[in-house]
Amino acid sequence: MNDLKSYLTDDSIFFAPSLDPGHAIGTLLDRGLEQYGVPGPEAGVPDVLWGPERYALDRSSVYTALASDQQEAVLRKISRWNLSLSYFIEKSGHNYGAKMILLADRMEEKSLYCLFSAEEAIHLRLFRNFMNFTPDPATDWHPMLDPLARVIREGSKEACVLLIQVLLEGFGMGHYRSLMEDCRHPALVQAFQRILRDEARHHGAGLVLAKESGLRSGDRDECFEFTREFVGALQSAHWVLRALEEVGGPLSSGERSHHLESVGHRRVLEKRLNSLRDMLLKADREQLVSRLERDGVFRVRETG
Ligand SMILES: [Fe+2]
Ligand SMILES: [Fe+2]
């Protein structure tokens, strides 16, 4: 397992370089994806794919005080970040699949992870079809991607199943579903539908495997720490506030809290944290959830 780590660097997980257009390998990939019924790039994709209603921005005086071109710029940034996060997650799924194929000790398990990996390649292309930009980690990074890469690199097989497939893919399904429901662009809604069907299988397989194998005692501590990191990263991400400040200038701490209160931030975050806890409960044979609860991991932290 230790030998595998050297192949699972951040560079390999997130930043493998792309070939120039027209390269033979790219052409082979395009043909392969066509055979799986993956459509080509979308023309005329708008820069704003989710409207203000998704973030209850119409209730925020910080947002409504902006000029309409500034409001548009805020929505453009958030649309870009939503796609960028999905892009990095699907990229990481390639290396996750590779690790799990190698660690599987039964043939059916290997075949299953081969299928999953093919689906992650399809998902990446489906998202890329709507992106007229290449995400830049300096500006388009989400803090959850750091613990994600660490689990893929360092997690035992059992910890990976629980954290990546049960926790993150389960959580990701809810996230993708809500992005799909609020999305303004019908072709992207269709792409989400296809991706969600696959992710449901990835999550379901995670549940079966996690229940079957359980966790060794070292894995329990590892899963506890990683879950704490994920939840911390989720709580620290404030994309909407960041977009508002980048467009309209810095906000005072009073304005920040007023904005968060107006858009019901606490309620939304509580719902997300509960959904993370429920995902883990589905496969929790080791009282991981009660330990996390005792530690206050699922409690909403105050934002400054
Ligand atoms: Fe995926
Ligand atoms: Fe997946």
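Taken together, the values in this text are just the output of simple stated rules run on the coordinates, not laboratory data. Please read these numbers as outputs of a predicted model, since none were measured by experiment. Cβ coordinates were reconstructed from backbone atoms using ideal geometry, including for glycine residues, and neighbour counts include every protein chain displayed.
Tabulated values for the structure
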{"item": "Those residues of segment 83-121 whose amide nitrogen sits under 14 Å from the label point placed on Thr139, 7 Å along Cα→Cβ", "result": "84"}
{"item": "Size of charge dipole - segment 58-294 - debye, nearest 20, with Cβ of Lys, Arg +1 and Asp, Glu -1, no other charges", "result": "260"}
{"item": "Backbone N under 19 Å from the Asp146 label point (7 Å along Cα→Cβ), restricted to segment 229-266", "result": "229-243"}
{"item": "Label-point gap, in nm, between Arg201 and Ser236 - each point 7 angstrom along Cα→Cβ", "result": "3.6"}
{"item": "Neighbourhood charge, 15 Å Cβ-Cβ cut-off, centred on Leu112 and excluding it, Lys, Arg +1 and Asp, Glu -1", "result": "-4"}
{"item": "Karplus (6.51, -1.76, 1.60) ³J(HN,Hα), θ = phi - 60°, over segment 114-121, in Hz, Gly and Pro reported as x", "result": "5, 4, 4, 5, 4, 5, 5, 5"}
{"item": "Over 21 Å between alpha carbons, listed pairs Lys91/Lys211; Lys5/Lys99; Lys91/Lys282; Lys99/Lys282; Lys5/Lys282; Lys5/Lys157", "result": "Lys91/Lys211; Lys91/Lys282; Lys99/Lys282; Lys5/Lys282"}
{"item": "Burial ranking of peptide ranges 129-136, 83-90, 37-44, 201-208 (average Cβ count within 10 Å, highest at the top)", "result": "83-90, 201-208, 129-136, 37-44"}
{"item": "Computed helical MRE - 222 nm, the chain, DSSP H runs ≥ 4 contributing -39500 (n - 2.57), nearest 500", "result": "-21500 deg cm²/dmol"}
{"item": "Kirkwood Rh, Cα atoms: Rg over Rh of segment 1-70", "result": "1.21"}
{"item": "Neighbourhood charge, 13 Å Cβ-Cβ cut-off, centred on Glu90 and excluding it, Lys, Arg +1 and Asp, Glu -1", "result": "-1"}
{"item": "Amide H partners (placed H, <5 Å) of Ser60, local residues excluded", "result": "none"}
{"item": "Mean Cβ neighbour count within 10 Å, used as a protection proxy, ranking 15-22, 240-247 highest first", "result": "240-247, 15-22"}
{"item": "Net charge of Cβ neighbours under 11 Å - reference Leu124; Lys, Arg +1; Asp, Glu -1", "result": "0"}
{"item": "Under-5 Å amide H pairs with Ala237, H placed in peptide plane, nonlocal only", "result": "none"}
{"item": "Residue with peak Gaussian network fluctuation, the chain [Cα springs, cutoff 10 Å], from Lys99, Lys91, Lys282", "result": "Lys282"}
{"item": "Ellipsoid semi-axes in whole angstrom, largest first, where each is sqrt(5λ) of the Cα gyration tensor of the chain", "result": "31, 27, 16"}
{"item": "Test item: Cα-centred dipole of segment 42-183, Lys/Arg +1 and Asp/Glu -1 on Cβ, debye", "result": "260"}
